[in-house]
Ligand SMILES: N[C@@H](CCC(=O)N[C@@H](CS)C(=O)NCC(=O)O)C(=O)O
């Protein structure tokens, strides 16, 4: 029997399931999502790039959210990626900072953001 500092495996499992459901809900209801940590320099680079492009995006700072570590574990299980930033566009996982920058350099990022409705198209 656990006191207030311990949790049963059932409780941990419930926390994980709730975090997974929350992460999926955030991803499905926002065109662009960056799961981030406020002190992470790679996250800053991605957020700066999206701001530079004038893209609307949702940021979830996992070090600030009370359930951030559960969300990070849920993302690891769901996407196979435990590190932040973990970027999603139009419900699809893109990857981290390196991948996002690479997609920008190869000209794939802006069309994807436009298609997602995160940036206004030129015409
Ligand atoms: N190559 C990765 C680097 C990302 C990275 O190393 N992020 C660190 C934070 S700065 C991380 O997630 N560390 C594990 C953790 O915070 O749990 C990328 O391009 O996104």
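Since every read-out is calculated from the coordinates, none of them should be taken as a lab result. Treat the numbers as computed from the prediction; the structure is a model and nothing was measured. Cβ sites come from the backbone with ideal geometry, for glycine too, and all protein chains shown count toward neighbours.
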Hydrodynamic radius by Kirkwood, which averages 1/r over all alpha carbon pairs of the stretch 60-115, in angstrom
12.1
On the first, second and third principal axes, largest extent first, how far apart are the outermost C-alpha atoms of the stretch 17-81 in Å?
35, 25, 22
0 to 90° range, to nearest 10: angle between helix 9-29 axis and the chain longest Cα axis:
20
Scaled radius of gyration (Cα, divided by 2.2 N^0.38 Å) that the chain gives:
1.16
What distance in nm separates the simple spin-label points at residue 121 and residue 82, each placed 7 Å from Cα in the Cβ direction?
4.2
Which of the peptides 103-111, 69-77 is most tightly packed, and how do the rest follow, judged by the mean count of other Cβ atoms within 10 Å per residue?
69-77, 103-111
Hey, what angle do you get for helix 68-79 against the long axis of the chain, alpha-carbon based, 0 to 90 degrees rounded to 10?
70
For 8, 44, which order do you get if you count the other beta carbons within 10 Å of each Cβ and list the fewest first?
8, 44
